[in-house]
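**Student:** Pasting in a structure now, in structure tokens, and then I'll have a few things to ask.
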Amino acid sequence: MITIIPEAPENVAAFNATGEVTKEDFERLVIPRVKEKVEQFGELNYLLYLDTDLDNFTVGAWLEDLLLGLKNLTNWNRSAIVTDKEGIRDFTSIFSVLMPGEFKSFPKENLYNALYWCKNGDEVEA
């Protein structure tokens, strides 16, 4: 299931993924929210907090297809994936080569820093 992270900055489309995530979650919630933010701000700052395994995404290939599809209807600026799974962080690094804008991964304990980076393009000083 995907939910909106309500405490995200206004210019960030931020989502929390838990349990089983389906294509319908993206069609029902993510895509409309992304379109709304792009219309409002002219660019997309995106954050996905993964509180589930990629195994719970009903086949990762559609996720890749979906994000590549979004590539054409958005002006990607900054995108963060927040997870403690090293493999997903590696996937984010690979994906950053395919997609426009900046992609970065953050460990779960740094959610606030990831939101700040999405909003401003820099990180909170430690």
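**Student:** Can you pull out every residue in region 86-112 that is under 14 Å from N45 (Cα atoms), modelled with pLDDT of 85 or more and either more than 14 Å from the chain's Cα centre (by Cα) or open to solvent by 40 Å² or more (accessible area, probe 1.4 Å) (or both)?
**Tutor:** K104, the sole residue that qualifies.
**Student:** Also, I was wondering about something else. Which one of these is loosely packed, with under 15 Cβ neighbours inside 10 Å, under 19 Å from G121 (Cβ atoms) and of a type in the set (D, E, K, R): E20, E10? Break it down into steps so the answer makes sense when it comes.
**Tutor:** Values: E20 fails: under 19 Å from G121 (Cβ atoms).
Criteria check complete, one pass: E10.
**Student:** Inside region 1-77, counting only strands (runs of 3 or more DSSP E) that do not spill past its ends, which hold 2 or more residues that are over 18 Å from E102 (Cα atoms), of a type in the set (V, I, T) and at pLDDT 70 or above?
**Tutor:** Working: elements: 2-4, 13-18, 44-51.
Counting at least 2 such residues, we get 2-4.
The values are calculated or read from the model by the stated rules, or taken from the named source; none is laboratory data. Given the structure is predicted, the values throughout are model-derived calculations rather than measurements. Neighbour counts are summed over all protein chains in view; Cβ atoms, including those assigned to glycine, are modelled from backbone coordinates with ideal geometry. For accessibility, only protein heavy atoms count, side chains too; no ligands or nucleic acids. Shrake-Rupley method; radii C 1.70, N 1.55, O 1.52, S 1.80 Å.
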